[in-house]
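The values are calculated or read from the model by the stated rules, or taken from the named source; none is laboratory data. None of these values were measured; they are calculated from a predicted model. In this analysis, Cβ positions are derived from the backbone assuming ideal geometry, glycine residues included, and neighbour counts consider all displayed protein chains.
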Amino acid sequence: MNPTIRLTDRIHYIGVHDRRKHLFENMWPLPEGVSYNCYLILDEKTVLVDTVEAGAGGDFVGQIEALLKGRTLDYLVINHMEPDHTGEIGNIVRTFPDVKIIGNKKTFNVLQAYFGITQNLVEVADGETIEVGYHKLQFLYTPWVHWPETMMTCDLTEKVLFSGDAFGSFGALNGGVFDDEIEFSYYESEMRRYYSNIVGKYGNMVQKAFAKLNRIEIKAICPVHGPVWRKDVLRVLGLYDRWSRQEGEPGVVIAYASMYGNTARMADYIARKVSEGGVRHIRVHDVSKTHASYLISEIWKYNGLILGSCAYNTQMHPTMDALTRELELLGVKNKHVGLLGTYSWNGGGVRSLNDFAGRIGWEQAAPAAEIHGAPTAEKATACDVLAAEIAKRVIG
Ligand code: FEO
């Protein structure tokens with residue numbers, strides 16, 4: 001029982017909506033699941049663009065065969081070799097042994113390593129085109145969006161971009177497939193969580209991809225996760241452009257690690273003072289409770305960031321340490337930064353946060369606020385200075 005879903009007369013959407021998997025890449029929570037999308041072009045030649053994760057789609061090949069109605073599959077385009085999109089390649093090749101596989105040199109290197117496939121390969125150069133009847137497909141190398149081999153396929157005829165992971169989101173689709181059928185704000189949030197955690201490290205490569213995409217007309221974007229964008233294409237392109245430049249909106253994320261509530265009270269106090277400073281978007285999180293992927297998504301969204309930690313074995317708390325490692329790995333920048341923390345004996349929480357900020361190259365808006373023992377009113381001066389300076393800079 002598979003509904004027929006067409007983007008255009010000749011381009012079919014095929015999606016698998018996975019609500020069983022708990023963790024994407026065995027790491028990122030999927031409370032609302034995830035969709036794997038691929039696309040079938042029925043023209044003089046038949047073309048499948050990407051597949052889905054192995055076993056996720058039930059009878060995936062049967063679904064393709066039903067749409068082909070007795071025709072064979074002429075081409076399989078591999079935009080991206082990560083297994084969530086290539087898991088069904090073996091089944092496709094066994095069912096359609098003459099299918100020609102379109103990719104680039106790096107694609108085929110990994111294709112052989114995973115599947116042992118060395119035959120019927122069509123290697124395309126960056127910018128090369130192939131005509132399959134009415135449609136003319138162009139292949140654009142977009143390395144590191146999200147793996148080195150990644151490319152996008154553009155249907156120059158109907159102006160449709162098959163974008164791979166780019167413009168994709170977490171969250172299984174719930175009946176609505178196209179952006180004019182869904183609640184944009186929910187998927188925007190999950191698109192940013194996907195972008196910031198999965199692709200965010202490669203913002204400069206996203207900008208290089210934009211330099212190529214800016215030369216073509218795009219009426220619809222077909223990613224491999226989440227909704228198909230055909231109504232708000234410019235809005236989605238704009239969001240990606242902004243995120244890849246790490247241009248945050250005015251707002252502050254305050255993330256703290258606290259064992260007995262003292263650092264938490266400092267964070268809440270500073271949040272109040274930041275609010276009194278006029279900032280209207282403030283998010284306060286306990287890093288021991290909220291998964292880092294949500295923190296990173298919000299950190300990507302806003303231009304202010306305050307990190308706090310108690311001392312733990314003369315270092316910052318391990319949960320904050322894990323977050324800072326992730327921020328360093330992702331190369332987070334362009335933030336108005338503040339640090340805070342508490343200690344009982346030798347300290348170390350704020351000291352290690354300061355070391356981290358220096359290592360990553362962040363300039364702090366004000367000296368770190370550190371309190372010995374209970375955060376009482378008479379110890380609040382540094383917190384007041386930090387909050388006022390952050391608020392002033394964030395609002396700009
Ligand atoms: Fe959805 Fe990079 O795979």
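Could you list, in sequence order, all residues of segment 154-169 that are within 11 Å of the ligand (Cβ to nearest atom) and either in a loop (DSSP other than H, G, I, E, B) or without any contact (Cβ under 8 Å) to a residue 24 or more places away in the chain (or both)? Within segment 154-169, 165, 166, 168, 169 meet the criteria. Of the residues making up segment 48-66, one or more are under 20 Å from residue 136 (Cα atoms), assigned to a loop (DSSP other than H, G, I, E, B) and of a type outside the set (Val, Ile, Thr). Exactly one residue among 188, 183 is within 20 Å of residue 294 (Cβ to Cβ), away from the ligand (no atom under 16 Å from the Cβ) and in contact with a helix residue (DSSP H, G or I) (Cβ under 8 Å, 6 or more places away or on another chain), and that residue is 188. Residues that are within 21 Å of the chain's Cα centre (by Cα) and either over 15 Å from residue 83 (Cβ atoms) or not hydrophobic (A, V, I, L, M, F, W, C) (or both) within segment 40-56 comprise 49, 50, 51, 53, listed in sequence order.
When 173, 237 are checked against the criterion of being in the same structural domain as residue 140 (by TED's automatic domain parsing), touching a residue at least 12 places away in the same chain (Cβ under 8 Å) and within 18 Å of residue 160 (Cα to Cα), a single residue qualifies: 237. Out of the residues in segment 1-38 that are of a type in the set (Val, Ile, Thr) and closer than 22 Å to residue 83 by Cα, which is surrounded by the most Cβ atoms within 10 Å (Cβ to Cβ)? Selected residue: 34.
Among the residues of segment 203-260, write down those that are assigned to a helix (DSSP H, G or I) and touching a strand residue (DSSP E or B) at 6+ places or on another chain (Cβ under 9 Å). Once the filter is applied, which keeps residues that are assigned to a helix (DSSP H, G or I) and touching a strand residue (DSSP E or B) at 6+ places or on another chain (Cβ under 9 Å), segment 203-260 yields 209, 212, 213, 233, 235, 236, 237, 242. Confirm whether residue 41 is surrounded by 14 or more Cβ atoms within 10 Å (Cβ to Cβ), within 16 Å of the ligand (Cβ to nearest atom) and assigned to a strand (DSSP E or B). So residue 41 does not fit the description; no.
In segment 85-100, of all residues being under 26 Å from residue 128 (Cα atoms) and among the charged types (D, E, K, R), the one that is farthest from the ligand (Cβ to nearest atom) corresponds to 98. Annotation note: of 311, 357, 387, the sole residue that is part of a helix (DSSP H, G or I), in contact with a helix residue (DSSP H, G or I) (Cβ under 6 Å, 6 or more places away or on another chain) and either in the same structural domain as residue 240 (by TED's automatic domain parsing) or modelled with pLDDT of 95 or more (or both) is 387. When 309, 297 are checked against the criterion of being buried (at least 19 other Cβ atoms within 10 Å of the Cβ), over 23 Å from the mean Cα position of the chain (by Cα) and of a type in the set (S, T, N, Q), 309 stands alone in meeting it. Could you say whether any residue in segment 230-247 is over 29 Å from residue 179 (Cα atoms) and either among the aromatic types (Phe, Trp, Tyr) or surrounded by fewer than 20 Cβ atoms within 10 Å (Cβ to Cβ) (or both)? There is no residue in segment 230-247 that is over 29 Å from residue 179 (Cα atoms) and either among the aromatic types (Phe, Trp, Tyr) or surrounded by fewer than 20 Cβ atoms within 10 Å (Cβ to Cβ) (or both). Inside segment 130-153, residues that are more than 15 Å from the ligand (Cβ to nearest atom) and of a type outside the set (A, V, I, L, M, F, W, C) make up a count of 8. Candidates are the residues of segment 203-242 that are within 16 Å of residue 143 (Cα to Cα) and basic (Lys, Arg); the one that is farthest from the ligand (Cβ to nearest atom) is 212.
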